[in-house]
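So the structure is just underneath, and the comments pick up after that.
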Amino acid sequence: MAIKHDLPVDFDASRYDMIVVGAGYAGSVVARSLADRRGMRVAVLERRPHIAGNAYDLLDDAGVLIHLYGPHIFHTYDQRVFDYLERFTHFDGYQHRVLANVHGTLMPVPFNHTSLKLAFGQERGERLYRRLVETFGENKKVRILQLREANDPELEEVADYVYENIFLHYTLKQWGQTPDQVDPSVTGRVPVMVGDDDRYFQSPWQGMPQGGYTKLFERMLDHELIDVFLDVDARSVLSVGDGRVVVGGKPYEGEVIYTGPLDELFGLDLGALPYRSLDLKFETLHQDQFQPAATVNYTTSEDFTRITEFKLMTGQKIDGVTTILKEYPQAYVPGSGQTPYYAILSDENRSLYQRYLDRVSGIANFHAVGRLAEYRYYDMDGVVASALDLADEIAKAH
Ligand code: FAD
Ligand code: UDP
């Protein structure tokens, strides 16, 4: 493998069987799978100065391992995905736990049995808990919007509390919309837990990659048939039109894997796909530990949504210093240099996406895959699954 900066002046796309746009999970998994399985020669073009996409991590000036684009915890129900990534790393089994700061009281999120007692007091909390168990069963996950529909005065009280104190302000900050306005799948990611489990994810396979995510990507892309070119915006050499892909001014016959936003490929000519962005503020503190959990969500106060303390997530041992991250959500303005972190899911936005997709769906060698290119709220495992499916499809055709 070679990782280089910029495209060489004599870059010749026809020497490659596949051009991959983006060195995140989507692009890197497809590149590696097809280099391995079909001996394809791959050029990966990445406009950032590093690999790993939004999962990129690095040591900051204080020596703390940080996630530059926000906290990333691997979790999946899909053993195929876990096994695939374990070829390039070892996941340490870390289980993420989150506390919500509700008017100064810290309680587990997802809101669970413990949270109920902290919110309503021991006795009342137990009574309400029994009611929840009678209604939904024990160790069940209930979406907040579902809980709000429960036709029971006591459960209504719980629903109102959770809606107001866990979801409303956080969601307003994150999306600029109320929980009723955002797609139900979004708040459904963090259900109410009728039980004692205080883990953020219940997936059987979880953990942090030993040595970090960037190392995982270095190994994944370390293949004699893969060349990575950093600091290269693919649009400077690649375009799509008239039912074909053109690279370096010539029609390209190889496979093209595109993992960026689809609207950018067409100069946003149908309108911009809406996204939310984040202003990520890192702070180095000269103390061993800042907070009692890796992530604390500020659900009733502050302009940021959450504070993550990386050492508590990565298990890194380093005394006297710690790095925290505050996430300030903001509107995404295309062309402003911001990162399009979250697709804003709605019927209207999906249909705009579909109109862009229709323009490329007839091009047999062009494949849009990943969180941006599919305009989905994918976690890492969802992207890897989608990329592995695409690699299967392409492998069959070759
Ligand atoms: P990306 O990682 O965005 O990679 C796409 C790459 O393509 C980028 O590097 C981009 O620079 C490049 N690119 C785009 N256009 C071009 C172009 N024209 N030319 C060249 N290169 C281009 N998932 C989890 O499972 N667990 C978590 O805890 C978690 N936390 C998250 C926290 C935050 C704040 C965010 C925003 C996401 C989180 N995710 C998490 C989701 C995870 O980041 C994504 O699912 C995953 O990184 C997406 O991979 P991808 O390859 O689809 O996209
Ligand atoms: N959410 C909330 N309060 C919380 C946690 C989550 O209101 O304490 C809502 C919010 O709308 C958020 C969504 O649930 O955007 C999904 O949360 P998750 O933690 O999965 O978001 P991500 O880690 O992807 O930013």
Report the charge-dipole magnitude of the chain in Debye, nearest 20, computed about the Cα centre from +1 at each Lys and Arg Cβ and -1 at each Asp and Glu Cβ.
-> 300 debye
Rounded to 0.05, the calculated FRET efficiency for the beta carbons of Asp197 and Thr339 at R₀ = 30 Å is 0.40
What full-extension length gain, to one decimal in nm, is calculated for Gln289 and Glu253 as 0.36 nm per residue of separation minus the Cα-Cα distance?
-> 7.5 nm
Which of these, Glu134, Glu374, Glu86, has the largest mean-square fluctuation under a Gaussian network model of the chain (Cα springs below 10 Å)?
-> Glu134
Considering the dipole of segment 24-92 built from charges on the beta carbon (Lys and Arg +1, Asp and Glu -1) around the Cα centre, which of Val64, Gly53, Val42 is farthest to its positive end?
-> Val42
With springs connecting C-alpha atoms under 10 Å apart, model the chain as a Gaussian network and identify which of Val64, Val186, Val98 has the largest mean-square fluctuation.
-> Val186
Separation of the His103 and Ala272 label points, Cα + 7 Å toward Cβ, nm | 3.9 nm
Note down the relative contact order for segment 290-383 as a percent, whole number, built from C-alpha pairs under 8 angstrom at least six residues apart.
-> 17 percent
First obtain the Kirkwood hydrodynamic radius of segment 247-374 from its Cα pairs, then insert it into the Stokes-Einstein equation at 25 °C and 0.890 mPa s, and state the resulting D in µm² per second as a whole number.
-> 138 µm²/s
Top positive-direction residue, dipole computed over segment 152-283 with Cβ charges, set Asn165, Thr259, Gly188 | Thr259
What does the charge count near Arg350 come to, summing +1 for each Lys or Arg and -1 for each Asp or Glu among other residues with Cβ under 11 Å from its Cβ?
-> -2
Spin-label point model (7 Å from Cα, Cβ direction): what's the Glu348 to His5 distance in nm?
-> 4.3 nm
Please tell me which of these pairs span more than 21 angstrom C-alpha to C-alpha: Lys215/Lys396; Lys281/Lys311; Lys140/Lys311; Lys141/Lys311; Lys4/Lys215; Lys215/Lys311?
-> Lys215/Lys396; Lys140/Lys311; Lys141/Lys311
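Using Cα pairs closer than 8 Å and at least 6 residues apart in sequence, work out the relative contact order for the chain, in percent.
Numbers: 774 pairs, mean separation 105.9, N = 398.
RCO, the chain: 27 percent.
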Cα centroid separation, segment 198-213 to segment 351-373 (Å) | 31 Å
Given charges at beta-carbon only (K, R positive; D, E negative), |dipole| of segment 148-287 in Debye | 560 debye
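If R₀ is 30 angstrom, what is the calculated FRET efficiency for the pair Leu357 and Glu86, using the beta carbon separation as r and rounding to 0.05? Numbers along the way, then the final one.
Details: r = 32 Å, r/R0 = 1.08.
E between Leu357 and Glu86, to the nearest 0.05, is 0.40.
Efficiency by 1/(1 + (r/R0)^6): what FRET value for Arg15 and Asp222, r their Cβ-Cβ distance, R0 = 30 Å, to the nearest 0.05? Kindly include the intermediate steps, with their values, before the conclusion.
Numbers: r = 20 Å, r/R0 = 0.65.
Calculated transfer efficiency: 0.95.
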Could you tell me which of rounded, prolate or oblate describes segment 223-309, using a ≥ b ≥ c as the square roots of the eigenvalues of the alpha-carbon gyration tensor, with rounded for a/c under 1.5 and, failing that, prolate when a/b is larger than b/c and oblate otherwise?
-> prolate
Part-to-part distance (alpha-carbon centres) for segment 17-72 and segment 297-337, which is given in Å | 22 Å
Hull surface over four for the Cα convex hull of the chain, reported in nm², is 20.3 nm²
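By how many nm would the segment from Gln210 to Lys317 grow when fully extended, if each residue of separation counts as 0.36 nm and the alpha-carbon distance is taken off?
Values: separation 107, 0.36 × 107 = 38.52 nm, distance 1.32 nm.
My answer for the length gained is 37.2 nm.
Here, each number is a calculation from the coordinates, and none is a lab measurement. In this text the structure is predicted, and so the values were computed from the model without any measurement. Methodologically, a virtual Cβ is constructed for each residue, glycine included, from the backbone with ideal geometry; neighbour enumeration extends over all protein chains shown.
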